[in-house]
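Enquirer: Sending over a structure as structure tokens; questions will come in a sec.
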Amino acid sequence: MKAELEQTSDTAKATSEIQKVDFVWMNGELVGWEEAKVPVMSHGLHYGTGVFEGIRGYGYGENLYIFRLREHFERLLESARICDIECNYAPQELERACLELIRANKMRQDCYIRPIIFVGFSGINLGFINYPVNTAIVAFPFSQYFSKAGLDVCVSSWTRLYDPVTPPMAKICGNYVNSVFAKRDAAKNGYDEAIMLNSTGKVSEATGENIFVVRDDELVTPSLGSSILKGLTRDTILLLADELGIRAVEREVARSELYTANEIFLTGTAAGIAPVLSVDKRRVGNGKVGPITERLAKVYFDLVVGRETFGHKQWVTKVY
Ligand SMILES: Cc1ncc(COP(=O)(O)O)c(C=O)c1O
């Protein structure tokens, strides 16, 4: 056991403890952190019947900037529709609730915002007909997901779940068991992250990030049919690449392309733009962060902290 833990990657060891805040938004009102509790027999807890989002707020200067707030709530409600979970709130209402919560907590530092809609307490019927649905938003201080500037990743032995099983296109609570399996094995084997292949053996995504591969100055990312979440960071990078004159394509990606890539990086709200330096202990390119990754990461960071808009002012919500 000790030897196993010693092998665990730095990233896995990085603390991810959540710092308590004063208020949580729950079913239409602000409640104290300790009051935000749910019954142990909540359907969502037992069966994974919930959907969630991950949103980032970036403290910059005196203000806090939230990236693509509206799109995150739209995706949340789309995920709920896919799960046949009825939520009584419109995206605009959830957006207002989120801002109210952040202001009530006087949050100005980098933070992570976690909205969740889940089936509540009523019974054990898997069909959850007429069961209550809870909606909550939690926001807490957060700086970085990966503790390293360059990642050592592996290809997981776990297959990415796919649409006829439970759709990876939706952020369904239960889906994340698939990611957890892959992530834990990777961490125990000393890797920072796992890349999963889909049911046809093509590259899908990492456990909580999309993947981009640079080959011959072309940026390639698995297409939407590759069993991936339609990441908002992925979408942002595809648009920025186009605007910066970097050729970007969405297509199927073979595992072997990971071993011959010039550059690889992962994208996600929590992870940002995370360069990959090795895959299965094989060096990516020259083993250093590549120029295209570096360029896109800089533009992305300037954008999310509200330093530059690059013509996308609507993507950034200023809280104060
Ligand atoms: C499985 C999975 N893929 C990709 C992503 C990246 O999506 P986004 O850029 O919208 O955060 C996430 C994070 O939400 C994820 O959980």
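Enquirer: Please name all residue pairs, on different chains or six or more residues apart, with Cβ atoms under 7 Å, provided the first residue is in region 66-82 and is assigned by TED's automatic domain parsing to the domain that holds residue 95 and on the phi < 0 side of the Ramachandran plot and the second residue is of a type in the set (Val, Ile, Thr) and within 13 Å of the ligand (Cβ to nearest atom).
Expert: 66/55; 67/304; 69/55; 72/55; 76/51; 79/51; 79/172; 80/51
Enquirer: Let me ask something additional. Considering only residues that are among the polar types (S, T, N, Q) and within 11 Å of the ligand (Cβ to nearest atom), look in region 188-220 and name the one that is farthest from residue 72 (Cα to Cα).
Expert: So the residue we want is 204.
Enquirer: Just wondering, is there one or more residues in region 22-35 that are surrounded by 12 or more Cβ atoms within 10 Å (Cβ to Cβ), of a type in the set (A, V, I, L, M) and either at pLDDT below 95 or in a helix (DSSP H, G or I) (or both)?
Expert: No, because not a single residue in region 22-35 is surrounded by 12 or more Cβ atoms within 10 Å (Cβ to Cβ), of a type in the set (A, V, I, L, M) and either at pLDDT below 95 or in a helix (DSSP H, G or I) (or both).
Enquirer: Take the residues of region 140-187 that are part of a helix (DSSP H, G or I) and of a type in the set (A, V, I, L, M, F, W, C): which is farthest from the ligand (Cβ to nearest atom)?
Expert: Residue satisfying both the conditions and the ranking: 187.
Enquirer: Please specify each residue of region 46-57 satisfying the condition of being of a type in the set (Phe, Trp, Tyr) and away from the ligand (no atom under 14 Å from the Cβ).
Expert: 47
Enquirer: Something else about it: Would it be correct to say that residue 175 is at pLDDT 95 or above, within 30 Å of residue 19 (Cβ to Cβ), surrounded by 15 or more Cβ atoms within 10 Å (Cβ to Cβ) and outside the structural domain of residue 78 (by TED's automatic domain parsing)?
Expert: The answer is yes for residue 175.
Enquirer: Right, here's the next one. Which ranges mark the strands (runs of 3 or more DSSP E) fully within region 228-309 that have 3 or more residues being within 16 Å of the ligand (Cβ to nearest atom)?
Expert: Fully inside region 228-309 and qualifying: 263-268, 272-279.
The values are calculated or read from the model by the stated rules, or taken from the named source; none is laboratory data. Computed from a prediction, not measured in an experiment: that's the story for all the values here. Here the Cβ is made from the backbone with ideal geometry for all residues, glycine too, and neighbour counts use every protein chain on show.
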